[in-house]
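Q: Next up is a structure, given as structure tokens.
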């Protein structure tokens, strides 16, 4: 039983719970920082895959990411610990602030604090999106990368397809992408062999 691993998992999830102001999407860069940058539990590409799959499942994204990371590190006990540590700060804050909710909702100071945090969350999400987009374009090539980006935009914002359906479509394409490229390359090689 590696106590350090449990301790790192506890600290990481407490940090995501404490600093994850703004809901589930705002915590994604925090999870990425903990899992990829700070502890090196996974690579960027694996985090992107986990995030894509987690988005297709029902429920809050933050608890799904916490459960996955905990399970990956320490099995079922790790998953329970990670989810508990992630939601604990929020639960305590809700209980502590419940009686003051009406005061906070009309306070200009709190409104100002919320307004000031929104751009920070926006920049964090934009940086993460840029990093994922950059990796996708490097992996797929500029033409295909931008083409798939445009297709995703059209499916989500023009056709109004549910994001889970779009993610499943792209996951299915991704599963066959490299095998298709291999078949095309083999066909070209055969054709070159016949031509010469």
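Q: Can you compute the helix-only [θ] at 222 nm over the chain? Use -39500 (n - 2.57) per DSSP H run of at least 4 residues, normalise by all residues, nearest 500 deg cm²/dmol. Provide the component values of the computation, followed by the final result.
A: Numbers: 8 runs with 160 residues, N = 196.
After summing the helix terms and dividing by residue count, I get -28000 deg cm²/dmol.
Q: Here's a follow-up. Between residue 14 and residue 127, take the C-beta separation as r, use R0 = 25 Å, and let me know the FRET efficiency to the nearest 0.05.
A: Working: r = 23 Å, r/R0 = 0.92.
According to the calculation, E is roughly 0.60.
Q: Report, in whole Å, the centroid distance computed from the Cα atoms of region 1-60 and region 112-182.
A: 19 Å
Q: Mind giving me the nanometre distance, one decimal, between the label points for residue 173 and residue 106, set 7 Å out from Cα along Cα→Cβ?
A: Roughly 5.2 nm, to one decimal.
Q: What is the fewest-to-most order of 188, 64 by other Cβ atoms lying within 10 Å of their Cβ? Walk me through the numbers on the way to the answer.
A: Working: 188 10, 64 20.
Ranked by crowding around the Cβ, least crowded first: 188, 64.
Q: Can you give the relative contact order of region 3-138 as a percent, counting alpha carbon pairs under 8 Å and 6+ residues apart?
A: On the way: 110 pairs, mean separation 38.9, N = 136.
The normalised contact order for region 3-138 reaches 29 percent.
Q: Using R₀ = 25 Å, calculate the FRET efficiency as 1/(1 + (r/R₀)^6) where r is the Cβ-Cβ separation of residue 186 and residue 144; round to 0.05. List each step's numbers first, then the result.
A: On the way: r = 19 Å, r/R0 = 0.76.
Step by step, r from the Cβ atoms, then E = 0.85.
Q: Quickly rank 52-62, 134-144 as a protection proxy: mean count of other C-beta atoms within 10 Å, highest first.
A: Working: 52-62: 14.7, 134-144: 13.2.
For the peptides 52-62, 134-144, the packing ranking is 52-62, 134-144.
Q: If you compute P(r) over Cα pairs in 10 Å bins from 0, in percent for the structure shown, which of (i) 8, 26, 29, 21, 9, 4, 2, 1, 0; (ii) 9, 37, 36, 16, 2, 0; (iii) 8, 28, 25, 21, 13, 5, 0 do you land on?
A: Matching the structure shown: (i).
Q: Okay, moving on. Given R₀ = 41 Å, FRET efficiency for residue 77-residue 114 by Cβ-Cβ distance, to 0.05? Don't skip to the end; give the middle numbers.
A: Details: r = 37 Å, r/R0 = 0.89.
The pair residue 77/residue 114 has a calculated efficiency of 0.65.
No value in this document is a laboratory result; all are computed from the given coordinates. These numbers were taken from a predicted model, which means no experiment stands behind them. Glycine gets a Cβ as well: all are built from the backbone with ideal geometry, and neighbour counts include every protein chain shown.
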